[in-house]
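One structure is given below, encoded as structure tokens.
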Amino acid sequence: MPEQAFRFIPAETAREGTMKVWSPLLVPREAIEAEIERLAEVPAGQGGRRSSVIVHPESTAPGLGLSPGVDVTINVLKPGEETEPVRHNSNQVEFCLRGEGEVRAGDRQISVSKWSAWNIPSMKVYSHRNNGKDLFVRLTYSNAPMLEKLGIHHIERGVAYSDLRGGNSPATTNAPAKYTRESAPDFVITEAGARVRGYEFLTDIEVVENHMIHWPWEKVSEHLSMTYGDNKRNIMLLYNPATERRNGTTHSFFATLASTAPGTPPRKPGRGHKHSSVAINYHYKGFGSSVVDGQEFHWRAGDLMLSAPAWSEHAHYPGPEGHGILTIQDHPLQIGMESLIWQERMDGPILTLGSEKGQTGYVGPRQEGA
Ligand SMILES: [Fe+2]
């Protein structure tokens, strides 16, 4: 028998069921501000970008980032600067920290300012321009680390909006038009619902249009509690309808904006909860603390935190002046993989959200303080 390159190993050795919990990490406001100033002073990089990825000490290449599958990039543009168009198959959520700018993606263009959020869908040609007088600063969250680890992160630089490959053109094929999804064979073969279907279902997938959309702060903030007793919610999801029942802002991430008003009664100390999705918090106002796997962190406005590494037990405690947090979590991605497990109480069940009945009577993370 010829020598083989592969080997066989016991399956129980290969798949031990590891839950490797990363350390929580707080990136303080001062470090972020210093990096913003540094990026503004050095010559612009490739494509006119001034960008730095924040790397967790446990992160390994390929796919350096703040968590195994998610990165956070600080992006700066000086007044008048514009980036060259680019596109890639990672998706992004962006949050404006300072200044104002124009963002173009595919056939959409938006004007953004402080605390506005928007998505940039995969494979749309996009660019940014600073049309203000201050620095235009934004945080970008993406699934690039996961794609880099899989060896499938595709980036095209030097592309043009006029290039119809920019995600908007119909697919071309030499196949006869009679081979379409609508006319393809589709048979039920068992009572349990097993079907067999033609290959057209795999190559001509039903399209759900996904465009850049914008959640302006002045519109979102109308729905968040700003005054104690105003009966508004403390946390709201920035929902992109393209993500359908996976309730995301992009196909990988949900973004939520949280706000508690000054004078809101403090949360009682107690156990936290845990989930297989990872949560990254940017604290845009106020101060408070978090307990993550027994470690206490004190945060305030301007800090970024890997505040819930996947499967870490965490609880957050806003301070008496109220607080505001942008949370990014890879929840939709995990619903799509049927891997989103959630344990609300440490003595309670582990639920597979999206596949079985989830939490009910639950309007915010640990809202009840239990
Ligand atoms: Fe959580």
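The values are calculated or read from the model by the stated rules, or taken from the named source; none is laboratory data. This structure is a prediction, so every number in the text was calculated from the model and none was measured. No Cβ is skipped: glycine too gets one built from the backbone with ideal geometry, and neighbour counts run over all protein chains shown. These area figures cover heavy atoms from the full protein model, side chains too; ligands, DNA and RNA do not enter into them. Shrake-Rupley method; radii C 1.70, N 1.55, O 1.52, S 1.80 Å.
Candidates are the residues of the stretch 162-184 that are open to solvent by 60 Å² or more (accessible area, probe 1.4 Å) and in contact with an Asp or Glu (Cβ under 9 Å, 6 or more places away or on another chain); the one that is modelled with the highest pLDDT is Ser183. Scanning the stretch 20-31 for residues that are part of a loop (DSSP other than H, G, I, E, B) and either open to solvent by 60 Å² or more (accessible area, probe 1.4 Å) or among the aliphatic types (A, V, I, L, M) (or both) yields Lys20, Val21.
Listed here are the residues, each with its yes/no results for (1) touching a helix residue (DSSP H, G or I) at 6+ places or on another chain (Cβ under 7 Å); (2) within 27 Å of Leu139 (Cα to Cα).
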{"residue": "Gly322", "(1), (2)": "no, yes"}
{"residue": "Gln334", "(1), (2)": "no, yes"}
{"residue": "Ile341", "(1), (2)": "no, no"}
{"residue": "Arg345", "(1), (2)": "no, no"}
{"residue": "Leu351", "(1), (2)": "no, no"}
{"residue": "Gly354", "(1), (2)": "yes, no"}
{"residue": "Thr360", "(1), (2)": "no, no"}
{"residue": "Val363", "(1), (2)": "no, yes"}
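Glu356 fails exactly one of the following numbered conditions: (1) under 23 Å from the mean Cα position of the chain (by Cα); (2) away from the ligand (no atom under 14 Å from the Cβ). What is the number of that condition? Failing condition for Glu356: (1). Looking across the stretch 85-108, just one residue is more than 28 Å from Met305 (Cβ to Cβ), acidic (Asp, Glu) and in contact with a Lys or Arg (Cβ under 7 Å, 6 or more places away or on another chain), and that is Glu102. Looking across Ala5, Ala34, one residue alone is part of a helix (DSSP H, G or I), without any contact (Cβ under 8 Å) to a residue 60 or more places away in the chain and either farther than 26 Å from Gly158 by Cβ or open to solvent by 80 Å² or more (accessible area, probe 1.4 Å) (or both). It is Ala34. Set side by side, the residues Ser252, Ser276 differ, and just one is away from the ligand (no atom under 15 Å from the Cβ), farther than 23 Å from Tyr228 by Cα and in contact (Cβ under 8 Å) with a residue 24 or more places away in the chain, which is Ser252. Highlighted here are the strands (runs of 3 or more DSSP E) found entirely within the stretch 219-292 that include at least 3 residues which are over 20 Å from the mean Cα position of the chain (by Cα) and not acidic (Asp, Glu): 279-292. Within the stretch 144-156, the set of residues being outside any helix (DSSP H, G or I) and either open to solvent by 70 Å² or more (accessible area, probe 1.4 Å) or out of contact with any Leu (no Cβ under 7 Å at 6 or more places or on another chain) (or both) comprises Gly151, Ile152, His154, Ile155, Glu156. Taking the stretch 128-140 as the search range and keeping residues that are open to solvent by 10 Å² or more (accessible area, probe 1.4 Å) and part of a strand (DSSP E or B), which one is nearest to Asn91 (Cα to Cα)? Looking at the filtered set, the residue picked out is Arg138. On the stretch given as the stretch 42-73, residues that are surrounded by fewer than 23 Cβ atoms within 10 Å (Cβ to Cβ), under 20 Å from Glu100 (Cα atoms) and hydrophobic (A, V, I, L, M, F, W, C) total 1.
Within this structure, Glu321 fails the test of being modelled with pLDDT under 95 and outside any strand (DSSP E or B). Limited to the stretch 279-294, what total is found for residues that are more than 25 Å from Lys114 (Cβ to Cβ) and either open to solvent by 20 Å² or more (accessible area, probe 1.4 Å) or away from the ligand (no atom under 16 Å from the Cβ) (or both)? Final tally of qualifying residues: 3. Within the stretch 295-312, is even one residue over 21 Å from the mean Cα position of the chain (by Cα), away from the ligand (no atom under 12 Å from the Cβ), over 23 Å from Thr227 (Cα atoms) and free of Cβ contacts under 8 Å to residues at least 24 places away in the same chain? For the stretch 295-312, residues over 21 Å from the mean Cα position of the chain (by Cα), away from the ligand (no atom under 12 Å from the Cβ), over 23 Å from Thr227 (Cα atoms) and free of Cβ contacts under 8 Å to residues at least 24 places away in the same chain: present. Quick one: would you say Ala258 is within 23 Å of Ser355 (Cα to Cα) and surrounded by 17 or more Cβ atoms within 10 Å (Cβ to Cβ)? Against the criterion (within 23 Å of Ser355 (Cα to Cα) and surrounded by 17 or more Cβ atoms within 10 Å (Cβ to Cβ)), Ala258 does not qualify.
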